[in-house]
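Worksheet for the structure shown next.
Please treat every number below as a calculation from the coordinates, not as lab data. None of the values given here were measured: they were computed from a predicted structure. Every residue, glycine as well, gets a Cβ built from its backbone with ideal geometry; the counts of neighbours run over all protein chains shown.
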Amino acid sequence: MALQSFLDYLLLEKNYSELTIKAYKSDLSEFRDFIQSEFESDKIESVNYAQIRSWIVSLVEKGITNRTINRKITSLNSYYKFLLKIGDIKTNPLAKHKALKTSKRVQIPFSEKEVTTVLDEWHFDDSFEGIRDKLIIELFYSTGIRRIELVELKISNIDFSKKTLKVLGKRNKERFIPLLQSVIETLKTYLDSRNTLEEIKDSEHLFLTQKGVKIYETLVYRIINEYFSLASSKVKKSPHILRHSFATHLLNQGADLNAVKELLGHSSLAATQVYTHNSISELKKVYLKAHPRSDK
């Protein structure tokens, strides 16, 4: 009962997305299964830190990354904080827990040349899927939206007169992103092609499969991976790397950090600053080339 109240709290009061709530529920269910197996109890509310520590050790032994383990513990900690708030427990067993150390991940964006190669030099066929795939890549690179945000886009989110796109981000926060004229043209071409589908089941959603149903996240990932494999030798080729490229390239061209923050839908500037290391390297090139005392 307390678990369902917690999930309702995340949805109604914290405005978390359904995807995030699903992850919280999965983490808590996994921990409950562990204590049931190891300690013959399914009451998450009455465990002690030693039992939680046993779970952490078991996850490490399974080869789960520290980053993923920290996320699972965050889910558990949020639940205990909720239980404290409603008076179901008196102490949080994770109150003095310290997160496991994680290595800093450096996301390497696509170069401008790699993006240009895919969008301008690669031939997209004139089929529904070819036009759709090109639009997906253009939207990612020109707006910086997240994969789930693209999947959930509706036709009503597009304002052709104002040349803007309304995006529903994390915690249901709305933001409006300008659309390039070239993207608008591809959008119109795609919508014309979309109308020729034999059957459309998810009519409100912008991106559909050939069967007329809403596109799904793994397909979007596969599209980006396949096309950029033709132009890039980078290990990771994903929608998030395109989002990373969008931010990095804007900053390299002198865009204001706060403006990029708003476009990305970040709640804090700190989240946007992770993209600045690439723009700093670009600034170094300009600096070394322009400064009279540099060894050109």
(message) What is the angle, in °, between the Cα long axis of helix 18-39 and the longest principal axis of the Cα atoms in the chain? Nearest 10 is fine, range 0 to 90.
(response) 30
(request) May I ask for the net charge around Ala271, where only other residues with Cβ less than 11 Å from the Cβ of Ala271 are counted and Lys, Arg are +1 while Asp, Glu are -1? (result) +2
(request) Please tell me the relative contact order of the chain in percent, rounded to the nearest whole number, where contacts are Cα pairs under 8 Å and at least six residues apart. (result) 16
(message) I need the shape label for the range 2-86. Rule: rounded when a/c is under 1.5, else prolate if a/b > b/c, else oblate, with a, b, c from the alpha carbon gyration tensor.
(response) oblate
(request) Compare Gly254, Gly169, Gly63 in a GNM of the chain, Cα atoms joined below 10 Å, and give the one with the largest fluctuation. (result) Gly63
(request) With +1 on each Lys and Arg Cβ and -1 on each Asp and Glu Cβ, and nothing else charged, work out how big the dipole of the range 119-238 is about its Cα centre, in Debye to the nearest 20. (result) 780
(request) With springs only between Cα atoms under 10 Å apart, run a GNM on the chain and tell me which of Lys166, Lys98, Lys261 wobbles the most. (result) Lys98
(request) Along Cα→Cβ, 7 Å out, is where each label goes; now give me the distance between the ones at Phe176 and Ala23 in nm to one decimal. (result) 3.0
(request) Return the distance in nm (one decimal) between the two label points of a simple spin-label model at Leu257 and Asn15, each offset 7 Å from Cα along Cα→Cβ. (result) 2.5
(request) Work out the charge dipole of the chain with +1 on the Cβ of Lys and Arg and -1 on the Cβ of Asp and Glu about the Cα centre, then indicate which of Leu84, Ile184, Ala259 is farthest towards its positive end. (result) Leu84
(message) Can you pull out the chymotrypsin sites (Phe, Trp or Tyr not before Pro) in the range 120-225 whose DSSP state is coil and whose Cβ has at most 15 other Cβ atoms within 10 Å?
(response) Trp122, Phe160, Tyr216
(request) Tell me the Kirkwood hydrodynamic radius of the chain in angstroms, computed as one over the mean inverse distance between distinct C-alpha pairs. (result) 22.2
(request) Quote the charge dipole size of the range 2-86 about the Cα centre in Debye, to the nearest 20; the model charges only the Cβ of Lys and Arg (+1) and of Asp and Glu (-1). (result) 340
(message) Which residues does the label zone of Asp202 cover in the range 208-235, counting backbone N under 13 Å from a point 7 Å along Cα→Cβ?
(response) 208-221
(request) Over the alpha-carbon set of the range 112-288, divide Rg by the Kirkwood Rh and report the Rg/Rh ratio to two decimals. (result) 0.97
(request) Under 18 Å from a label point 7 Å along Cα→Cβ of Ser54: give me every residue in the range 8-30 with its amide N that close. (result) 28-30
(message) Less than 20 Å from a label point 7 Å out along the Cα-to-Cβ axis of Ser161: which backbone N atoms in the range 188-219 qualify, by residue?
(response) 188
